[in-house]
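What follows is a short report on a single structure.
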Amino acid sequence: MGSTTTIKSPAEPVFNQFASDNYAGICPQAWEAMERANHGFSTSYGDDCWTERACECIRELFETDCQVFFVFNGTAANSLALASLCRSYHSVLCHDLAHVETDECGAPEFFSNGTKILHIPGADGKLDLEAVEHAITRRSDIHYPKPRVLSLTQSTEVGTVYSREEIGRAAELAHRYGLRVQMDGARFTNAVASLGVAPAEITWKAGVDVLCLGGAKNGMAVGEAVVFFNGALAEEFEYRCKQAGQLASKMRFISAPWIGLLESGAWLGNAEHANRHARLLADKLADIPGISLMHPCQANSVFVEMPPATAAALRDAGWRFYSFIGSGGARFMCSWQTTEDDVNHLVAAIRQATGR
Ligand SMILES: *Cc1c(COP(=O)(O)O)cnc(C)c1O
């Protein structure tokens, strides 16, 4: 006893995978900020200088006096934000492929005590606004769950990006019918990098009421921020977080990495890096006979259609990728950590798997 323990790491992965952007590690800026926060003692539950500064950084980023809450993950951010906008008899309109509909195990319905998710079609992961209007107006009787929120994902689940004008039109439609606008921004930074706009332009200035801003996929270990641009909607939100088990007692280790990402500009650099590598991957895959791109590559994901035998050969060679996300095919994600060598390695493997 008393001797230093050597922690053995489990087997190292053989090569970098593209299954998800959350396969990546913690970026240096987020890591350093956690390290800086790891000295001495600090007050808990968010009542600390790191959390205060992180909120300030987010207000600076959005150039407005928004209200900010930090939670552990995106499912909590989305479902608690939606629950705060709805009553149990309301409904949330989102895309068929939306994470809140397909990947949160019913958490939005659970935390809102029954609010119904209504899903709407649309090409390339984006809501078709005519279909949205139809869903809002087709019934006004007491038997239909009253539409209350329009939820947009930016960037979308299939790696496309809504333009500022598209967000403005969607929000205008929602507000015209008394709906609020929530944005799932698990990959919001990738959209900002793709569009080259100020974050304010594609959020509150375009009509977004609440943004769930992703940190994990941008380079943090864990954590997302719920950003209310309409302060009235944030009333008692801290109680929701606590009740849902989302109030971190050592909050500073979730909030400090935001300071690292935002003060250094790494939030944008990381997103640009990921997008650039996805573009490179898309361009290279487009040249392989038998492989076709399923959606425009506008953020950090590439969806491809490939023959089943190719997909099987690729999996046999040890590659991991999802084929149930989006509308089928195979999804490859790039992150802040993806290198050009990684891209070339995957491209070579796919070429080999196609037998060419
Ligand atoms: C990853 C992701 C989230 C967050 O998911 P968690 O696993 O709950 O952190 C939310 N929305 C989208 C579109 C995502 O891709």
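Below, the figures for the structure above:
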read-out	value
22 Å Cα cut-off, lysine pairs counted over the chain (separation 8 or more, or different chains)	6
Ranking by accessible area, most exposed first, for Asp48, Asp124 with a 1.4 Å probe	Asp124, Asp48
HN-Hα J in Hz across segment 77-89 - Karplus 6.51, -1.76, 1.60, θ = phi - 60°, x for Gly and Pro	4, 5, 6, 6, 4, 5, 4, 6, 9, 10, 9, 4, 8
Spin-label model distance (nm) - Asp287 vs Arg138, 7 Å beyond Cα toward Cβ	4.6 nm
q = 0.16 Å⁻¹: log10 I(q)/I(0) that the Debye formula gives for segment 28-264, counting C-alpha atoms only	-1.09
Largest to smallest principal axis extent of the C-alpha atoms in segment 267-354, angstrom	38, 26, 22
Segment 105-189: trypsin sites (Lys or Arg not before Pro) in DSSP loop, at most 10 other beta carbons within 10 Å	Arg138
Computed E for Glu165/Ala221 - FRET, C-beta separation, R0 45 angstrom, nearest 0.05	0.80
Loop-located chymotrypsin sites (Phe, Trp or Tyr not before Pro) in segment 245-338, at most 13 other Cβ atoms within 10 Å (DSSP)	Phe324
Spacing of the two label points (7 Å from each Cα toward its C-beta) at Glu235 and Glu35, in nm	4.6 nm
Most to least packed among 53-62, 88-97, 8-17, 71-80 [average Cβ atoms within 10 Å]	71-80, 88-97, 53-62, 8-17
Chain lengthening between Thr339 and Ala11 when straightened (0.36 nm per residue, less Cα-Cα)	115.9 nm
Label point at Arg320 placed 7 Å out along Cα→Cβ; residues across segment 205-234 whose backbone nitrogen lies under 11 Å	none
Ala349 paired with Glu52, simple spin-label distance in nm, labels 7 Å along Cα-to-beta-carbon	4.8 nm
Mean separation of Cα contacts under 8 Å (6+ apart) over length of the chain, as relative contact order %	23 percent
Backbone N within segment 143-172 under 17 Å of label point (7 Å from Asp96 Cα along the Cβ vector)	153, 156-160
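The values are calculated or read from the model by the stated rules, or taken from the named source; none is laboratory data. Computed from a prediction, not measured in an experiment: that's the story for all the values here. Reconstructed Cβ throughout: ideal geometry from the backbone, glycine too, with neighbour counts over all protein chains shown. Surface areas here come from the heavy atoms of the whole protein model, side chains and all, with no ligands, DNA or RNA. Shrake-Rupley method; radii C 1.70, N 1.55, O 1.52, S 1.80 Å.
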